[in-house]
Every structure is written in C-alpha cells, then in structure tokens.
Amino acid sequence: MGISTFPDFAAHADYSLLEALRPDPDATDDGMDHRPRPVFSGHYVPVRPTPIPQSQYVAHSRVLFEELGLNDELARDPAFQKLFSGDISVATDAMRPWGWATGYALSIYGTEYIQQCPFGTGNGYGDGRAMSIFEGVFLGKRWEMQLKGGGPTPYCRGADGRAVLRSSVREFLAQDFMEALGVPSSRSLTLYVSHQETVRRPWYAENSRSYEPDVMADNAAAISTRVAPSFLRVGQIELFARRVRANAHPEAMQELTLIVQHLIDRNYRDEIDASLPFTQQVVELARLFRHRLTSLVAQWMRVGYCQGNFNSDNCAAGGYTLDYGPFGFCELFDPRFQPWTGGGEHFCFFNQPQAAEANYRMFWSALRELLSNDGDASAQLDALRDGFPAAMQAEMEAMWAAKLGLNQYDEGLLQELLQLLVSSRADYCRAFRCLSLIPTTVAELQESFYLPCPDELKPRWTSWLQTWRTVLSEQGSLEVAAEAMARVNPAITWREWLVAPAYQRAEEGDYSLIAELQELFRNPYANPTTEQAQRLDQLRPREFFNAGGVSHYSCSS
C-alpha cells in the first residue's frame, strides 16, 4: 500500500539533529531569519523556507519513493507539493514549523580560507540556499530531506537563496544516476518549478564559445529536494575545531564533541561499538571514514565522474557524494578534465585522490582536538592520516584492475592503456565498455574514438590487446572476465550536451526529456535499445566541443 497521504508521511518525522545539537543562541524563535549575519555558535539556525509561487511538478524519483515506502501519487499531493516547494505552513503537529541551515568552514587543499566571508571571520560560511526541512525514519532507515533553492538563510552572503531550473534538473538527474551506477550519493526526491518567479544568473549565449559566461539569463526558479542519511560535512566538523583552537567561546569544545558524537550516531553507529570510550570511537570514526572516502573517490573515477570543487565543505562526512554544482562526467578522455571554469587543474579528474587526502587531513586535524588527553588514541589517529596515500592507492589499484577484468593490478598494462586512450582521442566510458567485449583488434574499439585511429598507433594497440588478452587467459575464462567488466564499466554515461536540452525544454514547460533521461539512467549497465542508442548514446558532436554551458560551465546556479 505504502504512504499515500501527507499526514501519514508527516507521522514519520523524527528530528535527531534538532534533539541532539544546539541552535544558534542568536536565532529567532520563528525561523524568520533571512538576512546575512555572522553566526558565532550553535550547530544550526532555524530558518523558514521561502516558497516559490504557483509551483508545478517537474519530476520525482520513483526509485527513492519506493525505498521510502511512498506512493508515487504523493508527489502531486497538494500539501506534500507545498512543503517541498518551500511552503512549510502545511507542517503538522508532528513536524517542526521551520527548517534549519548549518554553518561550515572553508578549506581548499588543506588551506583555511575566510576571505569570501563578508564578515572577515569565517562565521558567514554555510548553507546559503540549502536548508533541511524534514528528518524521519522510513522502513527502518533515517533520512534527512533538504531543499535546494528554498530561499535565503543567514549564510546567504547577500544572495537570493534561489536555484535555477537548469542546475536543479542537473542535480536531480545526477543524484539518481550515481545511485544507479553504484556510487554512494545523496539522493533526489522531488523537483518543482515556478514559472512565475525568475532569477538572473550569468550564463552562456546560444552557440557561445566563451570560457566564462557572457550573458545574464533569466531562469525559472526551482526547488529540488535532496535526501541523505545526514548532510554533515567535513567542513562542519572543521568549523567547530577551528573555534576550539581559537577559544572562540566557552562552549566550543562541547559543541565539537556533540557534533562528532552526532556524526557517529547518524552515519556510523552500526559499525562503531557504543560501549567503547569516546576517544576510541573517534579513532574508529577516522578509520571508517578513510575507507569510505578512498572507496568513494575510486568509484568516481571508475565511472568518469569529476567533482569539480572538492573542498572540505563539499565532502560529506558520511562518505558519499554530496554536492552537484560544478560536476561533470569525462567524455573525451583527458586526465586533466575539469568541467568547472572556477575549479582549476587541482580539482581535475585525476587529481581527485589528492583532493580527498587534503580533505581527510582537515578531518584528522579537527578530530585531534578531541584526543589531546589520550596519547594512544592520538597516535592511532596520526597513523591513519599517514596511511591515507597507501589506502587511496590500494582502492585505485583495485578499481583499475576491476575495469580491466584483472585479478590483480598491473601498472605497466594500465599506464600504456591510458596513454593509448589519450592519443586515440577515446571516449572514456565507451572505450572501457568496448574493452568489456574483450576485443582482438583496434577496429573493434573504433566506435569509442572521436577520430580514426592513426596508423602509427595501430601496432601499439595490437601489442597491448595481445598482452592483455594473454593475461586474462592465464587467469581464467575470457567470458568470465567479460561479464565482470560489464558489471563495472557502464554502458550509459552522462553526456552534458544531451542533458542541456532537458532543462532547456523544461523552461518551456516540457518535462518529457527529463522523464526519458530518468528512465535511461535507471539501468546504466544495460545496453540501450537501438532507439535509445541512436538518440541518447552517441559521442559528443563536433559543435559541442568548446561550447559554453556544455563542455565547460560556471557554477552560476
């Protein structure tokens, strides 16, 4: 039967974060707190979302609805739609009449920043247009639901708190796609739009070849709801540790302790024995997070995903993909692929392990404040930090071995392949999918190349394929290897030039392509139908190379 009414949905409310953590003591009682201001203490600020007018249904995730035990019809229930369009006045007695926004610190590659904080202190960073509005338990699992584009919060730094339909469609589709790929991720619940409210953002003119946005565009305001076990970030833990080190206020250490305890309870309790001393729980937290983080980044690279802005505030402390702003998927293979114009090479595709290590060091540094009186626990924590590169390398080697069907990693074989892929101008995901058929000649890979294979590369490809096939034969059946490779090398990838028409049509009220892409992305390891392949599984056409808003884009969402 499932949950089919709004009161039944609301009855599942259970606000562990609000019960366990502390509100900002300077916050208002009613959540009418929408102007930028510094937040000096407390774990969250109560904020009422700002509804978009005359919201229209765009999409919902049938997969997540089923996981939560929700009926699909609920997505169009008037009260449910109002809530997830920012109108919290529909809250029942079981719910809180406001949402909550959280602060965090900003660090980039281990360097602490406060320059962008309007108050020059770092007390202005946080959820500027994201706010959680519901936390509950569904079918035995706890989920937090967060609006993206729900209006300004004290952390908005003067912005409008809105999200445009373009970025909302991208995030909505990407979250479910990553889940289908088997990559841990926040999830998509609903997407609603208002064609009565527009917001202006810098973007690209039609057929633009500009690197930076070259026009101001009016876009429909939209609110997407993302769902996760929690939205705790490394940057949040880091914020409270900074306050401890600065002796910012008398409760700083207690607030750091509380948020780390809450992180353990929300994301790691099944794996951390509650009877252990707290300092040992902290060490176990660091151990488990290291494993989740290294595994996550390896999975990103397996499917071609690039998190173009992997700061500590975009790094979920629960170990899953969190932020879908300046992200992209590598098509034409380039280890330096970076879709975001503001990201730089340090956040490029093949530098993601290094970015992860920098974020882990900030996590380690924050946790160390809790272990100052326990030398043994501190030493264990330091060893986990020192062992990060080896742990990351092990995950990467296992990932590359799996993509090539190997029982064990072969450095020489991989490096030669990567060089060939670059030289052949290969499409990253399609090339590995073609390899999953265990080809004997380079001609069988040609459909993954953007240009005909140069004659001088053909002998190298022939040699590489022979060597690789020999290794596979020595370890067992080629058929078994092919089946294993097909399970880790997706047949479908995200192609920005196909997603762009989905949000462009949505601006005109046509959501059919969004629904079509949802269906395509549900089974990315299954070969597409002939009709799908002709329309949605082609290599990027020439006109979309170096095209503003497709091959590269700003984070103006």
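Laboratory data are not the source of any read-out in this text; all were calculated from the coordinates shown. The structure displayed is predicted, hence computed values, not measured ones. Heads up, the Cβs are rebuilt from the backbone with ideal geometry, glycines too, and the neighbour counts pull from every protein chain shown.
Remark: the residue 76-residue 440 segment gains 125.8 nm on full extension, using 0.36 nm per residue and subtracting the alpha carbon distance. The distance from the alpha carbon centre of the stretch 408-486 to that of the stretch 282-325 is 29 Å, rounded to a whole number. Simple rule: put +1 on each Lys or Arg Cβ and -1 on each Asp or Glu Cβ in the stretch 6-230, find the dipole, and look at 180, 205, 137; the Cα lying farthest toward the positive end is 205.
Averaging the Cα positions of each part gives two centres, and for the stretch 119-198 and the stretch 529-556 these lie 25 Å apart.
Computing FRET efficiency as 1/(1 + (r/R0)^6) for residue 14 and residue 93, where r is the C-beta to C-beta distance and R0 is 22 Å, gives about 0.95.
Going highest first, how would you order 471-483, 403-415 by mean Cβ packing within 10 Å?
Output ranking for 471-483, 403-415: 403-415, 471-483.
Length gained on full extension, residue 67 to residue 254, computed as 0.36 nm times the residue gap minus the Cα-Cα distance: 63.7 nm. Between residue 119 and residue 470, the distance separating the two model label sites (each 7 Å from Cα on the Cα→Cβ line) works out to 6.7 nm. Annotation: aspartates and glutamates with alpha-carbon distance below 19 angstrom to residue 403 (same-chain offsets under eight excluded): 179, 331, 334, 395, 411, 416, 427, 444, 447, 474, 479, 483.
Each label was represented as a point 7 Å from its Cα along the Cα-to-Cβ direction; for residue 376 and residue 460 these points are 5.5 nm apart. With both labels modelled 7 Å from their Cα along Cα-to-Cβ, the residue 535 to residue 198 distance reads 2.9 nm.
Note on the stretch 496-544: Cα Rg divided by 2.2 N^0.38 Å, N the number of residues, gives 1.19. Pairwise Cα distances in the chain exceed 48 Å for 11 percent of all pairs.
Sort the stretch 402-488 into rounded, prolate or oblate with this rule: let a ≥ b ≥ c be the square roots of the eigenvalues of the Cα gyration tensor; rounded if a/c is under 1.5, and if a/c is not under 1.5, prolate when a/b is larger than b/c, oblate otherwise. It is prolate, given that a/c is not under 1.5 and a/b is the larger ratio. Protection proxy ranking for 158-168, 442-452, using the average of other Cβ atoms within 10 Å per residue and placing the highest first: 158-168, 442-452. Computing FRET efficiency as 1/(1 + (r/R0)^6) for residue 22 and residue 160, where r is the C-beta to C-beta distance and R0 is 30 Å, gives about 0.60. Peptides 205-218, 86-99, 289-302, 427-440 ordered by packing proxy, namely the average of other Cβ atoms within 10 Å per residue, highest first: 289-302, 427-440, 86-99, 205-218.
Placing a label point 7 Å from the Cα of residue 216 along the Cα-to-Cβ direction, the residues of the stretch 187-202 whose backbone N falls under 13 Å of that point are 199-202.
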